[in-house]
Amino acid sequence: QVQLAESGGGLVQAGGSLRLSCAASGRTGSDFAMAWFRRAPGKEREFVAAITRGGTSTIYADTVKGRFTISRDNAKNLVFLQMNSLKPDDTAVYYCAADPSAATRWASRYDYWGQGTQVTVSS
């Protein structure tokens with residue numbers, strides 16, 4: 001089992017940047033593919049980005065491609081989401097998730113979830 005804890009959310013103006021972190025504990029971070037999802041007010045949870053266990057391959061939602069970058073530091077059991085050129089539509093609670101097999105955009109595949117961190121982008 002693994003426990004996940006997100007941090008780094010906050011309030012930022014449109015066009016700004018934030019870097020989210022997800023700390024994994026309980027098992028070695030490299031045992032899991034990792035992903036970020038988000039849920040905006042009144043909307044369903046949506047996929048943002050995913051990264052394979054070794055960090056060699058990534059997947060992005062079209063809405064964030066070119067603006068967000070997912071990365072990981074397996075030595076420190078950390079996963080990051082660098083968010084640039086933020087837009088008000090990026091406002092949401094961001095969650096990290098872990099899956100022991102493959103990186104995927106399907107939320108149902110992920111066994112472990114963090115509590116989320118709020119990101120608010122003002123116009």
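The values are calculated or read from the model by the stated rules, or taken from the named source; none is laboratory data. Since this is a predicted model, take the numbers as computed values, not measurements. Glycine also receives a Cβ, built like all others from the backbone with ideal geometry; neighbour counts cover every protein chain displayed. Ligands, DNA and RNA are stripped out before the accessible areas are found, and what is left, the full protein with its side chains, is counted by its heavy atoms. Shrake-Rupley method; radii C 1.70, N 1.55, O 1.52, S 1.80 Å.
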Within the stretch 106-123, the residues that are assigned to a loop (DSSP other than H, G, I, E, B) and closer than 20 Å to ASP31 by Cβ are TRP106, TYR110, ASP111, GLY114
Using the structure shown, decide if LEU4 is out of contact with any helix residue (DSSP H, G or I) (no Cβ under 7 Å at 6 or more places or on another chain) and either of a type in the set (Phe, Trp, Tyr) or closer than 10 Å to ALA98 by Cα (or both). yes
Mind counting the residues in the stretch 32-53 that are open to solvent by 60 Å² or more (accessible area, probe 1.4 Å) and either closer than 21 Å to PRO100 by Cα or among the acidic types (Asp, Glu) (or both)? 4
Can you find, within the stretch 9-22, the residue that is nearest to THR104 (Cα to Cα) among those that are small (Gly, Ala, Ser), open to solvent by 40 Å² or more (accessible area, probe 1.4 Å) and touching a strand residue (DSSP E or B) at 6+ places or on another chain (Cβ under 7 Å)? SER17
Unique residue being of a type outside the set (Gly, Ala, Ser), over 16 Å from GLY114 (Cβ atoms) and within 11 Å of the chain's Cα centre (by Cα) when the list is THR69, THR63: THR69
Cβ contacts < 8 Å: first residue polar (S, T, N, Q), restricted to the stretch 9-20; second residue assigned to a strand (DSSP E or B), any location; separation 6+ or different chain. Result? GLN13/VAL121; GLN13/SER122; SER17/GLN82; SER17/MET83
Select from the stretch 40-93 the residues that are within 17 Å of TYR110 (Cα to Cα) and touching a Leu at 6+ places or on another chain (Cβ under 6 Å) and list them in ascending order. ILE70
Condition first: farther than 18 Å from LYS43 by Cβ, more than 13 Å from the chain's Cα centre (by Cα) and either surrounded by 13 or more Cβ atoms within 10 Å (Cβ to Cβ) or of a type in the set (D, E, K, R) (or both). Now tell me which residues in the stretch 72-87 satisfy that. ASP73, ASN74, LYS76, ASN77, ASN84, SER85
Scan the stretch 16-33 and tell me whether some residue there is at pLDDT 95 or above, in contact with a helix residue (DSSP H, G or I) (Cβ under 8 Å, 6 or more places away or on another chain) and closer than 19 Å to VAL121 by Cβ. no
Residue list for the stretch 38-90, restricted to those being within 20 Å of SER7 (Cα to Cα) and of a type in the set (S, T, N, Q): THR69, SER71, ASN74, ASN77, GLN82, ASN84, SER85
With ASP90, ASP62 as the choices, which residue is closer than 23 Å to GLY16 by Cα, of a type in the set (Asp, Glu), open to solvent by 30 Å² or more (accessible area, probe 1.4 Å) and at pLDDT 95 or above? ASP62
